[in-house]
Amino acid sequence: MFIDRAVVRVTAGTGGSGASSFARFKYKPKGGPDGGDGGRGGSVYVQGDANLATLLDYRYRNHWKAERAEHGKGKTMTGASTPDVTLPVPPGTIVRDAATDVLIGEVLRDGDRLLVARGGRGGRGNARFATPTHQAPREWEPGEEGEDREIELVLKLIADVGLVGEPNAGKSTLLSVLSAARPRIADYPFTTLEPNLGVAGLGQGRSFVIADIPGIIAGAHAGKGLGLKFLQHVERTRVLAFLVPLDHPDPQSAYGGLREEIRLYSGALYDKPHILILTKRDLLPPDADIPAVDAPDARRVLPVSSAAGSGLDDLNEELWKFVQSEKAEEPAGDGHEDPADVELEEPQYDDE
Ligand SMILES: Nc1nc2c(ncn2[C@@H]2O[C@H](COP(=O)(O)OP(=O)(O)OP(=O)(O)O)[C@@H](O)[C@H]2O)c(=O)[nH]1
Ligand SMILES: [Mg+2]
(Lines give C-alpha, C1' and ligand atoms only; values in the text may rest on other atoms or scores of the structure.)
(Ligands and ions follow the chains in the order given, each with its own letter.)
Protein backbone atom coordinates (compact mmCIF):
# COMPACT_ATOMS: atom_id res chain seq x y z
CA MET A 1 0.00 0.00 0.00
CA PHE A 2 1.27 3.44 -0.86
CA ILE A 3 1.56 5.79 2.01
CA ASP A 4 1.54 9.38 0.90
CA ARG A 5 2.68 11.62 3.70
CA ALA A 6 3.39 15.29 4.26
CA VAL A 7 4.29 17.41 7.26
CA VAL A 8 3.17 21.02 7.14
CA ARG A 9 3.26 23.88 9.58
CA VAL A 10 -0.02 25.62 10.25
CA THR A 11 -0.19 28.99 11.96
CA ALA A 12 -3.47 30.58 12.88
CA GLY A 13 -3.87 34.36 13.06
CA THR A 14 -3.31 36.12 16.36
CA GLY A 15 -6.29 38.11 17.59
CA GLY A 16 -6.21 41.90 17.47
CA SER A 17 -5.63 43.74 20.74
CA GLY A 18 -8.35 45.73 22.40
CA ALA A 19 -8.01 49.53 22.25
CA SER A 20 -7.73 51.92 25.14
CA SER A 21 -9.42 55.14 24.15
CA PHE A 22 -11.73 57.81 25.51
CA ALA A 23 -14.43 59.61 23.66
CA ARG A 24 -13.67 63.25 23.01
CA PHE A 25 -16.34 65.89 22.47
CA LYS A 26 -15.81 69.53 21.77
CA TYR A 27 -17.15 70.70 25.12
CA LYS A 28 -16.48 67.56 27.09
CA PRO A 29 -12.79 66.66 26.60
CA LYS A 30 -12.92 63.54 28.66
CA GLY A 31 -15.87 61.35 27.65
CA GLY A 32 -16.39 57.71 28.52
CA PRO A 33 -14.05 54.85 27.56
CA ASP A 34 -14.67 53.81 23.95
CA GLY A 35 -11.82 51.42 23.04
CA GLY A 36 -13.16 48.65 20.81
CA ASP A 37 -12.24 44.95 20.86
CA GLY A 38 -9.64 43.37 18.61
CA GLY A 39 -10.75 41.18 15.71
CA ARG A 40 -10.50 37.40 15.69
CA GLY A 41 -7.51 35.83 13.99
CA GLY A 42 -8.21 33.43 11.11
CA SER A 43 -8.13 29.71 11.85
CA VAL A 44 -6.56 27.01 9.70
CA TYR A 45 -8.68 24.10 8.48
CA VAL A 46 -8.00 20.93 6.55
CA GLN A 47 -10.83 20.15 4.11
CA GLY A 48 -11.65 17.16 1.91
CA ASP A 49 -11.55 17.87 -1.82
CA ALA A 50 -12.58 15.06 -4.16
CA ASN A 51 -10.62 16.61 -7.04
CA LEU A 52 -7.36 15.82 -5.31
CA ALA A 53 -5.74 12.41 -5.39
CA THR A 54 -2.46 12.88 -3.54
CA LEU A 55 -0.67 15.08 -1.05
CA LEU A 56 1.90 16.05 -3.67
CA ASP A 57 1.18 19.79 -3.40
CA TYR A 58 2.33 19.78 0.20
CA ARG A 59 5.85 18.88 -0.86
CA TYR A 60 6.10 22.31 -2.44
CA ARG A 61 4.32 24.48 0.06
CA ASN A 62 4.74 23.56 3.70
CA HIS A 63 3.70 26.59 5.71
CA TRP A 64 0.12 27.75 5.83
CA LYS A 65 -0.64 30.85 7.82
CA ALA A 66 -3.65 32.99 8.58
CA GLU A 67 -3.09 36.73 9.10
CA ARG A 68 -3.15 38.58 12.39
CA ALA A 69 -6.44 40.38 13.01
CA GLU A 70 -6.79 44.15 13.35
CA HIS A 71 -6.66 45.89 16.68
CA GLY A 72 -9.73 47.53 18.13
CA LYS A 73 -10.21 51.28 17.62
CA GLY A 74 -11.83 54.23 19.32
CA LYS A 75 -15.58 54.84 19.10
CA THR A 76 -15.92 51.19 20.20
CA MET A 77 -14.98 49.98 16.74
CA THR A 78 -14.07 46.31 16.65
CA GLY A 79 -10.99 45.45 14.61
CA ALA A 80 -11.52 43.43 11.46
CA SER A 81 -11.18 39.67 11.79
CA THR A 82 -8.98 37.84 9.28
CA PRO A 83 -10.17 35.09 6.93
CA ASP A 84 -9.66 31.43 7.69
CA VAL A 85 -7.14 29.46 5.65
CA THR A 86 -8.10 26.08 4.20
CA LEU A 87 -5.77 23.28 3.13
CA PRO A 88 -7.47 21.05 0.56
CA VAL A 89 -6.66 17.35 0.89
CA PRO A 90 -7.90 14.20 -0.83
CA PRO A 91 -10.72 12.39 1.01
CA GLY A 92 -9.21 9.66 3.19
CA THR A 93 -6.52 11.85 4.74
CA ILE A 94 -5.62 11.30 8.38
CA VAL A 95 -4.34 14.30 10.34
CA ARG A 96 -2.00 14.05 13.33
CA ASP A 97 -0.08 16.48 15.49
CA ALA A 98 3.45 15.92 14.19
CA ALA A 99 5.11 16.63 17.55
CA THR A 100 2.95 14.39 19.73
CA ASP A 101 1.58 11.95 17.14
CA VAL A 102 -1.88 12.53 18.59
CA LEU A 103 -4.69 12.03 16.08
CA ILE A 104 -6.44 15.30 15.31
CA GLY A 105 -9.00 13.70 13.03
CA GLU A 106 -9.78 12.19 9.65
CA VAL A 107 -11.10 13.85 6.54
CA LEU A 108 -13.13 11.12 4.90
CA ARG A 109 -15.44 12.91 2.51
CA ASP A 110 -15.44 15.75 0.10
CA GLY A 111 -16.25 18.88 2.11
CA ASP A 112 -15.34 17.44 5.54
CA ARG A 113 -13.65 20.20 7.51
CA LEU A 114 -11.24 19.81 10.38
CA LEU A 115 -9.88 22.61 12.55
CA VAL A 116 -6.10 22.24 12.85
CA ALA A 117 -5.04 25.64 14.25
CA ARG A 118 -7.46 27.88 16.12
CA GLY A 119 -7.30 31.59 15.51
CA GLY A 120 -6.73 33.83 18.54
CA ARG A 121 -9.64 35.70 20.09
CA GLY A 122 -9.53 39.45 19.95
CA GLY A 123 -8.63 41.26 23.19
CA ARG A 124 -11.26 43.41 24.88
CA GLY A 125 -11.04 47.17 24.59
CA ASN A 126 -11.28 49.43 27.62
CA ALA A 127 -14.97 50.17 26.96
CA ARG A 128 -15.65 46.67 28.30
CA PHE A 129 -13.96 47.32 31.60
CA ALA A 130 -16.18 50.20 32.70
CA THR A 131 -18.26 49.61 35.83
CA PRO A 132 -20.23 52.05 37.99
CA THR A 133 -17.29 52.34 40.35
CA HIS A 134 -14.59 52.27 37.66
CA GLN A 135 -15.75 54.71 35.07
CA ALA A 136 -12.50 55.58 33.34
CA PRO A 137 -10.73 52.24 32.86
CA ARG A 138 -7.51 52.23 30.88
CA GLU A 139 -7.25 48.45 30.80
CA TRP A 140 -7.24 46.62 27.51
CA GLU A 141 -6.34 43.06 26.58
CA PRO A 142 -3.86 41.89 24.01
CA GLY A 143 -5.15 39.56 21.30
CA GLU A 144 -4.79 35.86 21.95
CA GLU A 145 -1.99 34.11 20.05
CA GLY A 146 -3.05 31.98 17.10
CA GLU A 147 -2.25 28.29 17.45
CA ASP A 148 0.93 27.25 15.67
CA ARG A 149 1.93 23.64 15.14
CA GLU A 150 3.17 21.07 12.71
CA ILE A 151 0.67 18.56 11.43
CA GLU A 152 1.25 15.34 9.62
CA LEU A 153 -1.07 14.41 6.75
CA VAL A 154 -1.23 10.73 5.85
CA LEU A 155 -3.11 9.24 2.92
CA LYS A 156 -3.36 5.55 2.18
CA LEU A 157 -3.58 4.92 -1.52
CA ILE A 158 -5.59 1.90 -2.51
CA ALA A 159 -4.73 0.23 -5.79
CA ASP A 160 -6.92 0.66 -8.86
CA VAL A 161 -6.03 -2.63 -10.49
CA GLY A 162 -5.37 -5.92 -8.68
CA LEU A 163 -3.40 -8.63 -10.52
CA VAL A 164 -4.71 -12.13 -9.88
CA GLY A 165 -3.03 -15.25 -11.23
CA GLU A 166 -1.46 -18.58 -10.43
CA PRO A 167 2.13 -18.57 -9.20
CA ASN A 168 4.55 -17.85 -12.09
CA ALA A 169 1.81 -16.31 -14.25
CA GLY A 170 4.02 -13.25 -14.72
CA LYS A 171 2.23 -10.82 -12.39
CA SER A 172 5.35 -9.26 -10.89
CA THR A 173 7.00 -9.08 -14.30
CA LEU A 174 3.98 -7.27 -15.69
CA LEU A 175 4.05 -4.80 -12.80
CA SER A 176 7.74 -4.19 -13.43
CA VAL A 177 7.17 -3.30 -17.10
CA LEU A 178 4.11 -1.12 -16.46
CA SER A 179 5.55 0.84 -13.53
CA ALA A 180 8.79 1.87 -11.85
CA ALA A 181 8.32 -0.80 -9.18
CA ARG A 182 11.05 -3.46 -9.06
CA PRO A 183 9.47 -6.49 -7.42
CA ARG A 184 11.33 -9.75 -7.18
CA ILE A 185 10.81 -11.99 -10.21
CA ALA A 186 11.80 -15.65 -10.48
CA ASP A 187 10.82 -18.83 -12.24
CA TYR A 188 9.63 -20.56 -9.10
CA PRO A 189 6.21 -20.29 -7.51
CA PHE A 190 5.50 -17.96 -4.59
CA THR A 191 8.26 -15.53 -5.40
CA THR A 192 5.97 -12.78 -4.24
CA LEU A 193 5.18 -13.05 -0.54
CA GLU A 194 3.86 -9.55 0.10
CA PRO A 195 1.83 -7.32 -2.21
CA ASN A 196 3.81 -4.93 -4.42
CA LEU A 197 2.44 -1.68 -5.69
CA GLY A 198 3.41 0.44 -8.62
CA VAL A 199 2.09 3.47 -10.46
CA ALA A 200 1.50 2.99 -14.18
CA GLY A 201 1.84 6.29 -16.01
CA LEU A 202 0.53 7.08 -19.48
CA GLY A 203 1.74 10.68 -19.43
CA GLN A 204 -0.31 13.88 -19.15
CA GLY A 205 -1.07 13.12 -15.54
CA ARG A 206 -2.86 9.91 -16.48
CA SER A 207 -1.84 7.21 -14.07
CA PHE A 208 -3.23 4.44 -11.94
CA VAL A 209 -2.01 2.20 -9.15
CA ILE A 210 -1.45 -1.53 -9.72
CA ALA A 211 -1.22 -4.13 -6.96
CA ASP A 212 0.67 -7.37 -7.58
CA ILE A 213 -0.22 -10.06 -5.06
CA PRO A 214 1.10 -13.56 -4.35
CA GLY A 215 -0.06 -16.38 -6.59
CA ILE A 216 -3.47 -17.98 -6.11
CA ILE A 217 -3.70 -21.77 -6.08
CA ALA A 218 -6.67 -24.11 -5.77
CA GLY A 219 -7.91 -23.86 -2.20
CA ALA A 220 -6.58 -20.31 -1.75
CA HIS A 221 -10.02 -19.15 -0.63
CA ALA A 222 -9.68 -21.57 2.31
CA GLY A 223 -6.21 -20.35 3.17
CA LYS A 224 -4.09 -22.66 1.00
CA GLY A 225 -0.85 -21.26 -0.29
CA LEU A 226 -0.56 -17.56 0.36
CA GLY A 227 -3.81 -16.66 -1.26
CA LEU A 228 -6.33 -15.84 1.41
CA LYS A 229 -4.62 -13.01 3.15
CA PHE A 230 -3.80 -11.36 -0.14
CA LEU A 231 -7.22 -11.69 -1.64
CA GLN A 232 -8.09 -9.16 1.07
CA HIS A 233 -5.78 -6.68 -0.64
CA VAL A 234 -7.58 -6.90 -3.95
CA GLU A 235 -10.98 -6.65 -2.30
CA ARG A 236 -10.59 -2.92 -2.26
CA THR A 237 -9.16 -2.36 -5.71
CA ARG A 238 -11.42 -0.89 -8.37
CA VAL A 239 -10.91 -3.60 -10.98
CA LEU A 240 -9.21 -6.96 -11.27
CA ALA A 241 -6.95 -8.30 -13.99
CA PHE A 242 -6.71 -12.09 -14.23
CA LEU A 243 -3.45 -13.36 -15.67
CA VAL A 244 -3.13 -16.65 -17.53
CA PRO A 245 0.20 -17.49 -19.21
CA LEU A 246 -0.06 -18.63 -22.82
CA ASP A 247 2.33 -21.52 -22.20
CA HIS A 248 -0.25 -22.96 -19.81
CA PRO A 249 -1.45 -26.41 -20.98
CA ASP A 250 -5.07 -25.37 -20.54
CA PRO A 251 -5.64 -21.59 -20.37
CA GLN A 252 -9.41 -22.04 -20.21
CA SER A 253 -9.27 -24.15 -17.06
CA ALA A 254 -6.62 -21.88 -15.54
CA TYR A 255 -8.97 -18.93 -15.95
CA GLY A 256 -11.94 -20.96 -14.71
CA GLY A 257 -9.97 -22.10 -11.68
CA LEU A 258 -9.02 -18.54 -10.72
CA ARG A 259 -12.60 -17.35 -11.12
CA GLU A 260 -13.79 -20.22 -8.96
CA GLU A 261 -11.31 -19.46 -6.16
CA ILE A 262 -12.42 -15.86 -6.16
CA ARG A 263 -16.08 -16.84 -6.14
CA LEU A 264 -15.55 -19.15 -3.17
CA TYR A 265 -13.74 -16.40 -1.32
CA SER A 266 -16.28 -13.64 -1.81
CA GLY A 267 -19.26 -12.90 -4.01
CA ALA A 268 -18.40 -9.22 -4.01
CA LEU A 269 -14.89 -9.90 -5.26
CA TYR A 270 -16.27 -12.24 -7.91
CA ASP A 271 -18.59 -9.50 -9.15
CA LYS A 272 -15.83 -6.93 -9.37
CA PRO A 273 -15.29 -5.98 -13.03
CA HIS A 274 -12.26 -7.59 -14.61
CA ILE A 275 -10.21 -8.16 -17.72
CA LEU A 276 -8.26 -11.23 -18.74
CA ILE A 277 -4.59 -10.81 -19.66
CA LEU A 278 -2.95 -13.66 -21.55
CA THR A 279 0.72 -13.35 -20.62
CA LYS A 280 3.99 -14.63 -22.10
CA ARG A 281 2.75 -14.34 -25.66
CA ASP A 282 6.38 -14.61 -26.82
CA LEU A 283 6.37 -18.26 -25.77
CA LEU A 284 3.97 -19.08 -28.60
CA PRO A 285 5.42 -19.37 -32.08
CA PRO A 286 4.90 -15.98 -33.82
CA ASP A 287 2.45 -17.44 -36.34
CA ALA A 288 0.49 -19.50 -33.82
CA ASP A 289 -3.09 -18.51 -33.05
CA ILE A 290 -3.80 -17.15 -29.60
CA PRO A 291 -5.81 -19.88 -27.86
CA ALA A 292 -9.43 -18.82 -27.51
CA VAL A 293 -10.47 -18.44 -23.89
CA ASP A 294 -14.15 -18.11 -23.23
CA ALA A 295 -14.52 -15.29 -20.69
CA PRO A 296 -18.00 -13.81 -21.07
CA ASP A 297 -17.76 -11.70 -17.92
CA ALA A 298 -14.39 -10.17 -18.79
CA ARG A 299 -14.46 -6.69 -20.29
CA ARG A 300 -11.58 -7.54 -22.61
CA VAL A 301 -9.16 -10.38 -23.30
CA LEU A 302 -5.69 -9.07 -24.15
CA PRO A 303 -2.56 -11.03 -25.07
CA VAL A 304 0.72 -9.43 -23.97
CA SER A 305 4.37 -10.22 -23.56
CA SER A 306 6.28 -8.48 -20.80
CA ALA A 307 9.49 -10.00 -22.12
CA ALA A 308 9.03 -8.77 -25.70
CA GLY A 309 7.13 -5.65 -24.70
CA SER A 310 4.21 -6.47 -27.00
CA GLY A 311 0.62 -5.50 -26.27
CA LEU A 312 1.62 -3.31 -23.33
CA ASP A 313 0.47 0.03 -24.77
CA ASP A 314 -2.94 -1.42 -25.53
CA LEU A 315 -3.11 -2.91 -22.07
CA ASN A 316 -2.17 0.39 -20.45
CA GLU A 317 -4.84 2.28 -22.38
CA GLU A 318 -7.41 -0.37 -21.66
CA LEU A 319 -6.67 -0.42 -17.93
CA TRP A 320 -6.70 3.37 -17.77
CA LYS A 321 -10.10 3.59 -19.50
CA PHE A 322 -11.42 0.75 -17.38
CA VAL A 323 -10.39 2.46 -14.14
CA GLN A 324 -11.84 5.78 -15.32
CA SER A 325 -15.18 4.23 -16.15
CA GLU A 326 -15.32 2.55 -12.75
CA LYS A 327 -14.43 5.82 -11.03
CA ALA A 328 -17.27 7.54 -12.85
CA GLU A 329 -19.70 4.98 -11.40
CA GLU A 330 -18.63 5.65 -7.83
CA PRO A 331 -20.82 7.95 -5.79
CA ALA A 332 -18.99 11.24 -5.24
CA GLY A 333 -17.24 11.65 -1.93
CA ASP A 334 -17.91 8.15 -0.69
CA GLY A 335 -14.72 8.18 1.32
CA HIS A 336 -12.98 5.81 -1.06
CA GLU A 337 -9.35 6.72 -0.90
CA ASP A 338 -8.56 7.98 -4.33
CA PRO A 339 -5.43 6.61 -5.93
CA ALA A 340 -2.83 8.70 -7.65
CA ASP A 341 -3.76 10.70 -10.71
CA VAL A 342 -0.33 12.27 -10.74
CA GLU A 343 3.11 10.84 -10.89
CA LEU A 344 4.43 10.00 -7.47
CA GLU A 345 8.10 10.20 -6.67
CA GLU A 346 9.55 6.78 -6.05
CA PRO A 347 6.91 4.10 -5.52
CA GLN A 348 7.41 2.11 -2.36
CA TYR A 349 7.47 -1.62 -2.71
CA ASP A 350 8.60 -4.70 -0.94
CA ASP A 351 11.28 -6.53 -2.78
CA GLU A 352 11.90 -9.29 -0.33
N1 LIG B 1 8.99 -15.71 -21.74
C2 LIG B 1 8.41 -14.93 -20.83
N3 LIG B 1 8.60 -15.17 -19.53
C4 LIG B 1 7.99 -14.38 -18.65
C5 LIG B 1 7.14 -13.32 -19.05
N6 LIG B 1 6.64 -12.73 -17.94
C7 LIG B 1 7.19 -13.39 -16.89
N8 LIG B 1 7.99 -14.39 -17.30
C9 LIG B 1 8.76 -15.32 -16.47
O10 LIG B 1 7.89 -16.09 -15.68
C11 LIG B 1 8.46 -16.37 -14.40
C12 LIG B 1 7.52 -15.95 -13.29
O13 LIG B 1 7.38 -14.53 -13.35
P14 LIG B 1 6.88 -13.69 -12.10
O15 LIG B 1 6.62 -12.32 -12.62
O16 LIG B 1 7.77 -13.85 -10.95
O17 LIG B 1 5.50 -14.43 -11.83
P18 LIG B 1 4.46 -14.15 -10.65
O19 LIG B 1 3.11 -14.34 -11.23
O20 LIG B 1 4.73 -12.85 -10.01
O21 LIG B 1 4.78 -15.36 -9.66
P22 LIG B 1 4.54 -15.50 -8.07
O23 LIG B 1 5.03 -14.23 -7.42
O24 LIG B 1 5.34 -16.65 -7.67
O25 LIG B 1 3.08 -15.71 -7.90
C26 LIG B 1 9.80 -15.63 -14.39
O27 LIG B 1 10.81 -16.53 -14.71
C28 LIG B 1 9.64 -14.59 -15.46
O29 LIG B 1 10.85 -14.21 -16.04
C30 LIG B 1 6.96 -13.09 -20.45
O31 LIG B 1 6.24 -12.19 -20.91
N32 LIG B 1 7.60 -13.93 -21.30
MG1 LIG C 1 5.29 -12.41 -8.15
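A few notes on this one:
- In plain terms, the chain from Leu115 to Ser325 could stretch by 72.2 nm, reckoned as 0.36 nm per residue minus the Cα-Cα distance.
- Coupling constants for the range 245-261 follow from the phi torsions by the Karplus curve (6.51 cos²θ - 1.76 cosθ + 1.60, θ = phi - 60°), and in residue order they are x, 6, 8, 5, x, 9, x, 4, 6, 5, 4, x, x, 5, 4, 5, 4 Hz; glycine and proline get x.
- Sorting Asp289, Asp297 on solvent-accessible area from highest to lowest, probe radius 1.4 Å, gives Asp289, Asp297.
- Summarising the amide proton neighbourhood of Thr93: residues at separation of 5 or more, or on other chains, whose placed amide H is nearer than 5 Å comprise Val107.
- Label-point separation, Asp271 to Lys26 (7 Å along Cα→Cβ), nm: 8.4 nm
- Listed residue (Ala211, Leu87, Ala268) projecting farthest to the positive dipole end of the chain, Cβ model: Leu87
- Stretchable slack from Leu284 to Glu152, in nm (0.36 nm times residue separation minus alpha-carbon distance): 42.4 nm
- Peptide packing for 177-186, 127-136 was compared via the average number of neighbouring C-beta atoms within 10 Å per residue; ordered from the highest value, the list is 177-186, 127-136.
- DSSP-assigned coil residues among trypsin sites (Lys or Arg not before Pro) in the range 238-326, each with at most 11 further Cβ atoms within 10 Å: none
- Dipole in debye (nearest 20) - the chain, about Cα centre, beta carbon charges: Lys, Arg +1; Asp, Glu -1: 2640 debye
- Surface share of carbon and sulfur [accessible, 1.4 angstrom probe, percent] for the chain: 49 percent
- The range 1-105, Cα convex hull volume normalised per residue, Å³: 124 Å³
- Whole-Hz ³J(HN,Hα) from phi, Karplus 6.51 cos²θ - 1.76 cosθ + 1.60, for the range 263-277, glycine and proline x: 4, 5, 6, 6, x, 5, 5, 4, 7, 4, x, 8, 10, 10, 10
- The string of couplings for the range 77-89 from the Karplus curve (6.51, -1.76, 1.60, θ = phi - 60°) is 8, 6, x, 5, 7, 9, x, 6, 10, 10, 9, x, 9 Hz, one whole number per residue in order, with x for Gly and Pro.
- In straight-distance terms, cross-link reach from Lys28 covers every one of the lysines whose alpha-carbon lies under 26 Å from its own, apart from those fewer than eight places away in the same chain; here that gives Lys73, Lys75.
- Between Glu67 and Gly42, the built amide H atoms are under 5 Å apart, and every one of these is 5 or more places off in sequence or on another chain.
- Using bins of 10 Å that start at zero, the share of Cα-Cα pairs per bin across the chain amounts to 6, 20, 22, 16, 11, 8, 7, 5, 3, 1, 0, in whole %.
- Surface accessible to a 1.4 Å probe, per residue, for the residues of the chain, Å²: 48 Å²
- Using the rule -39500 (n - 2.57) for each DSSP H run of four or more residues, divided by the residues of the chain, the 222 nm mean residue ellipticity is -4500 deg cm²/dmol.
- Annotation note: chymotrypsin sites (Phe, Trp or Tyr not before Pro) in the range 1-43 located in DSSP loop regions with a Cβ neighbour count of at most 10 within 10 Å are Tyr27.
The values are calculated or read from the model by the stated rules, or taken from the named source; none is laboratory data. In this text, all values refer to a predicted model and were calculated from it rather than measured experimentally. Cβ atoms come from the backbone with ideal geometry, glycine included; neighbour counts cover every protein chain shown. Side chains included, ligands, DNA and RNA excluded: accessible areas come from the protein's heavy atoms. Shrake-Rupley method; radii C 1.70, N 1.55, O 1.52, S 1.80 Å.
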